[in-house]
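The values are calculated or read from the model by the stated rules, or taken from the named source; none is laboratory data. Bear in mind the structure is a predicted one, so any value in this text is a computation, not a measurement. Using ideal geometry, Cβ is built from the backbone for each residue, glycine included, and neighbour counts are taken over all protein chains shown.
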Amino acid sequence: MSAVMSNPLFREPLSMAGAEREIEFRDAVREAMCEEMRRDKRVYLLGEEVAQYDGAYKVSKGMLAEFGAARVVDTPISESGFSGMAIGSAMLGLRPIVEFMSWSFSLVAADPILNNAPKMLYMSGGQFGCPIVFRGNDGAGGQLGSTHSWSVEGLFSNVPGVKIVIPSTPADAKGLMKTAIRDDDPVFFLESERLLSMKGHVPEGEYLIPFGHAALRRQGKDCTICSWGRPVHFCLEAAEILAKEGIDCEVIDLRTIRPLDLPTVVASVRKTSAAVVVDQSWSFASPGSELAAQIHRHCFDELDNFVHRVHSDDVPTPYAVALEQEYLPNVRKICEAVRSATYRA
Amino acid sequence: MKDPIVPMPQVAPPAVATAGTGASSLPVPASTAMQWLRTMHLVREFEVRCMQSYQEKKIGGFCHVYIGQEAVAVGCVAAMQPQDPIVTAYRDHGHALARGMSSRACMAEMFGRAGGCAKGKGGSMHMFDRPNNLFGGHGIVGAQTPLGAGLAFATKYEDEVILGGKSRRVSLSFLGDGAVNQGAFYEAQNLAGLLDLPVIFIIENNGYSMGTAIHRGTTMSHDICIKGRAHGLREATIDGMDVLSVYRDMKALADWCREHSRPAIVDMKCYRFKGHSMSDPRKYRTREEEAHHESNDPIITLERRLTNAGVLDEARLASMLKEVREEVRDAVAHANASEPTSASELYRDVFVEPWGRYTGSSLPDYMGGATNACTFRATDGKEGLV
Ligand SMILES: Cc1ncc(C[n+]2csc(CCOP(=O)(O)OP(=O)(O)O)c2C)c(N)n1
Ligand SMILES: [Mg+2]
């Protein structure tokens, strides 16, 4: 078992005391990439529109100017080709960062990202690893319709050999991205387009956040809410509403779902005896169902109720704004789940 | 334009008697050509023993033998330098042996044993050999072509960004004529053309993808290089049944790619003598057609050349064959004797480090991260690549 497990389970809740510099989520991701590219010449960025256009979502703004065209590489619209190419280059020792304009488009690159990257080390008996980061927008919420609104963690977390990072704050995005780039295994880094403009305190200077370390976002004694990525913010909002009703929620932000910080979750649920898992992918065979199963296994005696789950509805993502909001795991659904889990419905 | 129906790749008739006499008629030193002959025999013998072992159920899964195509891998590898990366498809035993993998490690991999090149975790279709710069056999048709572009991307990047200089390495990406129809191949060619990648896509055009004759699956099948012409690739059509032609033409092409840092495509005309895999009744082609191509056996062609040049005689051939048979017999014995891969290997090599290389947060205290200092597990920042 890794040292992660021996860490004290709970850290202080995120406090913004002393917070001065606030930057956007996208700037935090860029800072991480730039710092790592300055530090290690093997790191390069490639993807559609990342260089001359400054990135479809301006995450890579200015990077071409600093690093030049050899290290910030515009590609044609060939997700399968450039993903495979980047993997080949990683096998030879480079450390690529591949930007998917949207993770939805990674589906046409399913073979390289699922069949090559996560299996190379194993199939080669440990000879060829694949230190690569795939990153881009994930999740619904921008009225982009079914094809552009994938939460790919639902599919991809099923695959052994990948690490999956889903940050919810700019500070986490930076620290986790730096860790991802230095990691020797393939990392899927899922950003939310809805969060890219979110501002938050990001410390100046270098820091890293390890994988498999959840962050405690709110302390509480009545119910544990577990989530990752954008829905964490809905959970915090719901927790405020529920607090007024006398339900004191603990909110855990897993930050990475592979590896999964189970000890933190288990310790919390053993304390609260109630758990709600909030996951924006579809419910069937999802990271949320996995976490719920793990909680049932490890907290069987302590639970006062079954683990409740909130997901996106089990339908293709609708376009209409009201429908889409209803479809997503939203504050109302989270509140209902917590009330039910704690018998206050 | 309607494609002409070509029953088979047009392979030149056995170019034997015309080759002149004396060792000086060979384009390479006699000892080198003799070495190639030995390797071709080794591959042939290895594959024959694989087929036997498959019947004996020592080898499982899918198994695709290279018999008939030996000149391609041997000639191509000979034309390259050891540091040039190579990636190929699932019909990969010949490439592995030609690249220098020991027949023991290769056979033990076939048998799924701990002594295999990938400890029995890859199998017949997935031969990897880091010391010999073999970046795998790959089981998904066409998937290795973007990887080949990536290997070239990395060598070019290494030279330009990390070491500062001009590309010194050329990558080879082998594929079958069936793989030509995979989308990934077009993306790979386009990227290679755009980014000036020194990679050669070698289409081992044996005329069939499983039971589908090339003209049934591929437009313009009489002129496969047109697929690369669309992306500005340099091209060559090579007689893959003659190792001397393969060497000569590949060497010239590789030199050009090295010099110009540009990609190329090769229509390597060849024929697979056996079925697609171990369970192929070969109903899609006639025995006459097979006999015609078998009369153009690349090994016999080379033997005749060497005999005419006065460097091979019956005694030398017999001793070479004896040596090769002994080597493969030893490989099989070694594979049989090698430990089955232990269950403890099951969970190894899934990740380099499952929890990552960092054991603690380096977030500042006030952000709740600094329960312990950031710890590094590995040194990095090394110069150059593998
Ligand atoms: C994506 C994919 N589709 C189908 C297959 C099954 N398959 C394996 S080999 C093969 C034929 C490929 O023929 P070719 O590329 O000409 O290579 P050859 O067998 O002649 O060496 C097929 C269809 C596969 N492995 N991968
Ligand atoms: Mg073929």
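Observations on the model:
- Residues being among the aliphatic types (A, V, I, L, M), more than 8 Å from chain A (Cβ to nearest Cβ) and more than 16 Å from B:A337 (Cβ to Cβ) - total across segment B:104-128: 2
- Each residue in segment A:35-55 was checked for being more than 25 Å from B:D196 (Cβ to Cβ) and surrounded by fewer than 18 Cβ atoms within 10 Å (Cβ to Cβ), and 3 pass.
- Residue identified as at positive phi, assigned by TED's automatic domain parsing to the domain that holds B:I224 and either buried (at least 16 other Cβ atoms within 10 Å of the Cβ) or touching a Gly at 6+ places or on another chain (Cβ under 7 Å) (or both) among B:R248, B:R282: B:R282
- Every residue from segment B:152-176 that is surrounded by fewer than 19 Cβ atoms within 10 Å (Cβ to Cβ), in contact (Cβ under 8 Å) with a residue 60 or more places away in the chain and either within 16 Å of ligand 1 (Cβ to nearest atom) or in a helix (DSSP H, G or I) (or both): B:I162, B:L163
- Scanning segment B:185-223 for residues being over 15 Å from B:P263 (Cβ atoms), of a type in the set (A, V, I, L, M, F, W, C) and within 12 Å of ligand 1 (Cβ to nearest atom) gives a total of 3.
- Residue ID - farthest from the other protein chains (Cβ to nearest Cβ), chosen from residues in segment B:177-212 that are surrounded by fewer than 24 Cβ atoms within 10 Å (Cβ to Cβ) and under 17 Å from the mean Cα position of the chain (by Cα): B:S209
- B:L195 passes every criterion in (1) of a type outside the set (K, R); (2) away from ligand 2 (no atom under 16 Å from the Cβ); (3) free of Cβ contacts under 8 Å to residues at least 40 places away in the same chain apart from (3).
- Across segment B:61-113, the number of residues qualifying as within 16 Å of ligand 2 (Cβ to nearest atom), over 17 Å from B:D177 (Cβ atoms) and of a type in the set (D, E, K, R) comes to 1.
- Checked across segment B:148-157, the condition of being under 28 Å from B:G275 (Cα atoms), away from ligand 2 (no atom under 15 Å from the Cβ) and within 14 Å of another protein chain (Cβ to nearest Cβ) holds for at least one residue.
- Residues that are within 7 Å of chain A (Cβ to nearest Cβ), within 16 Å of ligand 1 (Cβ to nearest atom) and not hydrophobic (A, V, I, L, M, F, W, C) do occur in segment B:130-146.
- Tally of residues being assigned by TED's automatic domain parsing to the domain that holds A:W103 and hydroxyl-bearing (S, T, Y) across segment A:181-226: 2
- Test: residue in segment B:262-278 that is within 14 Å of chain A (Cβ to nearest Cβ), more than 30 Å from B:R113 (Cα to Cα) and touching a helix residue (DSSP H, G or I) at 6+ places or on another chain (Cβ under 6 Å): yes
- Selection count, segment B:124-147, where residues are in a helix (DSSP H, G or I) and more than 16 Å from ligand 2 (Cβ to nearest atom): 2
- Only residues that are facing chain B (nearest Cβ under 8 Å) and either surrounded by 24 or more Cβ atoms within 10 Å (Cβ to Cβ) or polar (S, T, N, Q) (or both) were counted across segment A:95-121, and they come to 5.
Here is a yes/no grid of residues against (1) of a type outside the set (V, I, T); (2) within 16 Å of ligand 1 (Cβ to nearest atom):
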{"residue": "B:M51", "(1), (2)": "yes, yes"}
{"residue": "B:I67", "(1), (2)": "no, yes"}
{"residue": "B:V77", "(1), (2)": "no, no"}
{"residue": "B:M80", "(1), (2)": "yes, no"}
{"residue": "B:D84", "(1), (2)": "yes, no"}
{"residue": "B:T88", "(1), (2)": "no, yes"}
{"residue": "B:H93", "(1), (2)": "yes, yes"}
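- Selected residue [free of Cβ contacts under 8 Å to residues at least 12 places away in the same chain and more than 22 Å from the chain's Cα centre (by Cα)] from A:A322, A:A293, A:A337: A:A322
- Checklist (1) part of a helix (DSSP H, G or I); (2) within 14 Å of chain A (Cβ to nearest Cβ); (3) not basic (K, R) applied to B:A98, failing item: (2)
- When residues of segment B:39-49 are limited to those that are buried (at least 16 other Cβ atoms within 10 Å of the Cβ) and more than 16 Å from ligand 1 (Cβ to nearest atom), the one nearest to the other protein chains (Cβ to nearest Cβ): B:F46
- Here is the figure for segment B:77-92: residues that are in contact with a strand residue (DSSP E or B) (Cβ under 8 Å, 6 or more places away or on another chain) and either within 12 Å of chain A (Cβ to nearest Cβ) or not polar (S, T, N, Q) (or both) total 10.
- Among the numbered conditions (1) away from ligand 1 (no atom under 16 Å from the Cβ); (2) away from every other protein chain (no Cβ under 14 Å), the only one that B:H231 does not meet is (2).
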